[in-house]
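Input: a single structure, listed below in structure tokens.
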Amino acid sequence: MPFRRYVEIGRVALVNYGPDYGKLVVIVDVVDQNRALVDAPKMVRSQINFKRLSLTDIKIDIPRVPKKKVLIEAMESAVQKRWENSSWGRKLIVQKRRAELNDFERFKIMLAKIKRGTLIKRELSKLKKENPV
């Protein structure tokens, strides 16, 4: 499968390091071979090193260095829904939700897992008794 995540204007990226960690940003201009000018709805337009960006499959059609209003309209219409439906986005949402759990909630999840395992084991033993190999 050929590589398709190119650094280009309109490419959506996830910041993987620094104060903006975890934010979705859009590349609005390429400064040089190491840095890009990025922007997001709740962020000041700034330069970020490519090593701090993880490129996604999402690309929006915007002109080079668009006004903030144009960028917000383009991001709201397509980016957020596509990101939440992608497996990468869902995985990060689950990780964030798990990190916010308190001790009692983690305990309840542990008990639910034990109960589920017991039920599965019980059903499996029933099936083995019905259909011996």
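A few notes on this one:
- Over the chain: Rg over Rh, Cα atoms, Kirkwood Rh: 1.23
- Measuring nothing but protein heavy atoms, the accessible surface of the chain at 1.4 Å probe radius is 56 percent carbon and sulfur.
- Folded to 0 to 90 degrees: helix 87-99 orientation relative to the chain principal axis, Cα: 70
- The residues of region 65-133 expose, per residue, 91 Å² of accessible area to a 1.4 Å probe.
- Charge dipole (Cα centre; +1 on Lys/Arg Cβ, -1 on Asp/Glu Cβ; no other charges) of region 44-120 amounts to roughly 160 debye.
- Solvent-accessible surface (1.4 angstrom probe) belonging to L111, in square angstrom, nearest 10: 80
- Folded to 0 to 90 degrees: helix 103-130 orientation relative to the chain principal axis, Cα: 50
- In the assembled protein chains, D20 presents an accessible area of approximately 40 Å² (probe radius 1.4 Å).
The values are calculated or read from the model by the stated rules, or taken from the named source; none is laboratory data. Keep in mind it's a predicted model, so treat the numbers as computed, not measured. We place every Cβ from the backbone using ideal geometry, glycine too, and count neighbours over all the protein chains shown. Surface accessibility is based on the protein's heavy atoms, side chains included, excluding ligands, DNA and RNA. Shrake-Rupley method; radii C 1.70, N 1.55, O 1.52, S 1.80 Å.
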